[in-house]
1. Scan segment C:205-253 for residues that are over 21 Å from C:N268 (Cβ atoms) and of a type in the set (S, T, Y) and report the count.
2. State whether the residues of segment C:26-49 include one that is in contact with an Asp or Glu (Cβ under 6 Å, 6 or more places away or on another chain) and either among the polar types (S, T, N, Q) or under 22 Å from B:R121 (Cα atoms) (or both).
3. Could you please let me know if C:M54 is within 12 Å of chain B (Cβ to nearest Cβ) and either part of a helix (DSSP H, G or I) or crowded, with 24+ Cβ neighbours inside 10 Å (or both)?
4. For C:A315, state whether it is touching a Leu at 6+ places or on another chain (Cβ under 6 Å) and either modelled with pLDDT under 95 or of a type in the set (S, T, N, Q) (or both).
5. Determine the pairs where a residue that is more than 20 Å from C:A155 (Cβ to Cβ), located within segment C:43-57, has a partner that is aromatic (F, W, Y) and assigned to a helix (DSSP H, G or I) with Cβ atoms under 7 Å apart, the partner being 6 or more residues away or on another chain.
6. Among the candidates A:L236, A:L211, A:L232, which residue alone is out of contact with any Ser or Thr (no Cβ under 8 Å at 6 or more places or on another chain) and closer than 20 Å to A:S174 by Cβ?
7. Among the listed residues A:A70, A:A14, which satisfies the condition of being more than 14 Å from the chain's Cα centre (by Cα), in contact (Cβ under 8 Å) with a residue 40 or more places away in the chain and surrounded by 21 or more Cβ atoms within 10 Å (Cβ to Cβ)?
8. Within segment B:113-123, is there a residue that is small (G, A, S) and closer than 21 Å to B:D163 by Cα?
Amino acid sequence: MNDIALKELLYKIADDQLILGHRNSEWTGMGPLLEEDIAFSSMAQDKVGQSLAIYTLLHSLGDGDPDTLAFTRGGNQFQNCVLVELPNGEYDFSLVRHFLFDTAEAIRFDLLSNSSYEPLAQLAKKIRGELRYHTLHANTWIRQLGSSTEESIARIQASLNFSLPFAMGIFEVSPHENELIESGVFAGEKELKQRWLAKVEEIIHQTDLRLPDLNAVEPVLGGRVGKHSEHLQPLLEEMSEVFRIDPTAEW
Amino acid sequence: MNSLDPRVNRLPSTRYPVPNEPTAPLDQFGTFEVFVVQPKEEKPFQHEGIVHAPNLEMAYVLAKEAFTRRFVCVSLYVVDTTNVAVSPMTEGDVSIYQQIEDRPGQAGEKLSYEIYHLTKRGKQHVHAGTVQAVNGPDAMVKAKHQFNSGKGICSVWVIRTKDIRFTLPDEKDLWNTLPEKKFRDASAYKGGDKLSMFLQSKQNTSDHSGHSDNADQ
Amino acid sequence: MYGGGNTFEGVKTDSVAQEDPVKLGEFEGRIARGEKIEPSDWMPLLYRKQLIRMIEQHAHSEIIGALPEGTWITRAPGFKRKMALMAKVQDEVGHAQLLYSAAETLGKPREQMIDDLITGKSKYSNVFNYPTFTWGDCCFISWLVDAGAIVNQLANAKGSYGPYCRALERICAEESFHLKYGHHCVIYLATGSSKQREMFQDAINRWWPPMMHFFGPADMISTHTPVLMKWKVKMGTNDDMRNQFLDMYVPKVWELGFTLPDPNLAKNSQTGRWNYTEPDWEEFKRVINGDGPCNKERLEVRRIAEERGRWVRKALKSPQAAYVTPLA
């Protein structure tokens, strides 16, 4: 099994989790409801923790230690999809992003629980419960806000319309796709996207929302190959601000 | 805003309501009581507190992180506070069950009720068991006969089982990774060794730059 | 993260004389026996009012206290610190939730309390009206401000009101993580590079005066309310709490080789109490009444959070779920 293909897969997953976890942690102390503030923060911690687990795998494959990978790489070395680096906006966007991304993530790890790369399969089985909570949370909120006041429905719909092009970037196909599929490491982005769409439709149908036609959506790609929006670099600079005071120091 | 906090600088500015504008009515949510089992499967559910939420399902989702993000947990459930029947609280060693009069056999469909006891002021209500009864007062009588341990029970709560949002069997893995989240635990922050090494090296240097331990004046 | 039993406002005890003497006697007897008061018990008006104020302000201190450290979450150096700080600040929000719930058992709805915070009607711990300039400042709060809060909380956990005691038990358990984490951070700064040491020393120099204010005005200038001590609402004098804190933590700061910016700070071996330069209580009064470096910002952030969340909360309201007072 080609290390390059495997590492590329690991980087994109870990980078997604780190950047989204980082974004979601910005809500801590400023959420719309105390109990929700707490819940959203837990999920952000889960994401950062999951990224740590995967950077640890990368380290075992010969790459730098997790702090080095997370806090010293430049924006064009990150392989997260553009969706996760976007600023938080209002809670409607953050919730919709949480819904779209975590639905995909749960399915991705479901597929990975059968991975021929044993460490990844084990990790997938281990975090199944965490991802289950994330989707339970997202679905409960989308159902609630998607069928409630005129304003909440309008806001969620607008965020959905806005986010979908970026969500397509989750499934940006890798040059090593066939190898990953054939070696049994991962069933591939196409499979993931198909299942994701079915799940998203299922939830949206339970609300007053409408899922735009994906064929009419212009996907925003490039994140997987280091082409990012103007938002990632400032995010990384902020994230590494203290670390960079002395990268060799122990904090 | 011009703040040291980068998050705060990204916040949209807001217009604080001018006195003439009517203030919006205060949003107020329902209240839900939360019961948790920690740490082991065999231990009874114990009352932990409340969450505010718009409905039972949301209460369950929110309670999970509000009350069970630490230690070990296997299950959790919530119920609307208005669905909890509450007995008066007794004084001293008097057991509340002494004040419950037996009632003649009640006709009607029997439902399941959960019973909770408070054994001492200051503690939490703990699940005592389940009874079959036709209504709340009948459940209290049944509980008197089934769970009265003779020891002081100063308060009883009664909840109809079907009003509770339990943890589903396949939701148990929600808490799978909880024991591994050491970063939330004091035990992950043992600085003792580093501190000892530092104090040792301070002692070894001839130049004492720090303050001495005590400055009697 | 405060729980000092101070409410920064004067206490009017006139209502006590109008209470039913028999009920009052039973109530005080219960407290003297060490029994907890529960929400359904009879209680004097002053007890109820004072507890609401005190618990509410403690809750406000937690939610506001989430901000000076929260600002460093996105900048925490390394995974270990990043995740720890996320969890710690989350706990502050969690503590606010627990404390509001405890105050609610006394009859004041949570939204009313939050509104009183935002309008400036209710106060919160003064220490959070100062800015955290550096990571070192953040570590100061995580260690020493939390340490101060724990001194207060451990004392108040022995108080008379059941729901507050239960909330404090939970809080104290979580605070042990905060304290060890804070100390851990500072040990690393102390044993690190000279830049790191200087960073923390700078932070100490800035934060020591607010820390000396933390436990409230000196006993000699505070008004004493003996009835609140009798009812186990206030559990110790301000100076007592302050001395306990100094006793426990000044040696720990010194052993790490840091200095404290008070040349008079020393333990008097005869009295067993600490000597120190009397803090500026006029400054304390100014800041608590709105004239500190961050007061406006702290409340503005809360207002913005509430306004941004308004549409969310509106969308969550349902005609079925009605607000009721929590049971315990």
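The values are calculated or read from the model by the stated rules, or taken from the named source; none is laboratory data. Predicted model only: the values in this text are computed from it and were never measured. FYI the Cβ positions are ideal-geometry reconstructions off the backbone, even for glycines, and counts take in every protein chain you see.
1. 3
2. Within segment C:26-49, the subset in contact with an Asp or Glu (Cβ under 6 Å, 6 or more places away or on another chain) is C:44.
Narrowing the set further to residues that are either among the polar types (S, T, N, Q) or under 22 Å from B:R121 (Cα atoms) (or both) leaves C:44.
Yes, the conditions are met somewhere in segment C:26-49.
3. Numbers: within 12 Å of chain B (Cβ to nearest Cβ): no; either part of a helix (DSSP H, G or I) or crowded, with 24+ Cβ neighbours inside 10 Å (or both): yes.
No: the conditions fail for C:M54.
4. Values: touching a Leu at 6+ places or on another chain (Cβ under 6 Å): yes; either modelled with pLDDT under 95 or of a type in the set (S, T, N, Q) (or both): yes.
So C:A315 fits the description; yes.
5. What qualifies is C:M43/C:F27; C:P44/C:F27.
6. Working: A:L236 fails: closer than 20 Å to A:S174 by Cβ; A:L211 fails: closer than 20 Å to A:S174 by Cβ.
Answer to the selection: A:L232.
7. Working: A:A14 fails: more than 14 Å from the chain's Cα centre (by Cα).
Step by step, each of A:A70, A:A14 is checked, and only A:A70 is more than 14 Å from the chain's Cα centre (by Cα), in contact (Cβ under 8 Å) with a residue 40 or more places away in the chain and surrounded by 21 or more Cβ atoms within 10 Å (Cβ to Cβ).
8. Let us first name the residues in segment B:113-123 that are small (G, A, S), namely B:122.
Cutting the leftovers down to closer than 21 Å to B:D163 by Cα gives us none.
Scanning segment B:113-123 turns up no residue that is small (G, A, S) and closer than 21 Å to B:D163 by Cα.
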